[in-house]
């Protein structure tokens, strides 16, 4: 499913126009993005939670040359599925 498909389904479910459905989906994604950028965790009941995770810098190897390289510290978004979502997928 793509973002446009999601927007269309939101519009159907909420009896909105396709354009209004797209605005709702864009607004939700923007709010989640802003919260994560501010360092907040976003928890959605029965779905899961999004959290920014920090990876420390480390030493790695260039697989082509075998040379040791420094890998910079970075941030990434992690997602942890809620139990209800896991059960809906048949996993526990």
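The values are calculated or read from the model by the stated rules, or taken from the named source; none is laboratory data. Since the structure is predicted, the reported quantities are computational estimates derived from the model, not experimental observations. Cβ placement follows ideal geometry from the backbone for every residue including glycine, while neighbour counts extend to all protein chains displayed.
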Among residues of segment 56-77, those that are over 30 Å from residue 87 (Cα atoms) and either in a strand (DSSP E or B) or touching a strand residue (DSSP E or B) at 6+ places or on another chain (Cβ under 8 Å) (or both), counted
13
Leading residue by the ranking (farthest from residue 77 (Cα to Cα)) among those in segment 17-49 that are outside any helix (DSSP H, G or I) and in contact with a helix residue (DSSP H, G or I) (Cβ under 7 Å, 6 or more places away or on another chain)
17
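Each row is one residue, and each column tells you yes or no for (1) within 14 Å of the chain's Cα centre (by Cα); (2) modelled with pLDDT under 95.
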{"site": "15", "(1), (2)": "no, no"}
{"site": "19", "(1), (2)": "no, no"}
{"site": "24", "(1), (2)": "no, no"}
{"site": "27", "(1), (2)": "no, no"}
{"site": "32", "(1), (2)": "yes, no"}
{"site": "38", "(1), (2)": "no, no"}
{"site": "41", "(1), (2)": "yes, no"}
{"site": "55", "(1), (2)": "no, yes"}
{"site": "90", "(1), (2)": "no, yes"}
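Would you mind finding the one in 77, 24 that is farther than 26 Å from residue 91 by Cβ, surrounded by 10 or more Cβ atoms within 10 Å (Cβ to Cβ) and without any contact (Cβ under 8 Å) to a residue 60 or more places away in the chain? Before you say what the answer is, go through the steps one by one.
Numbers: 77 fails: farther than 26 Å from residue 91 by Cβ.
From the options 77, 24, the qualifying one is 24.
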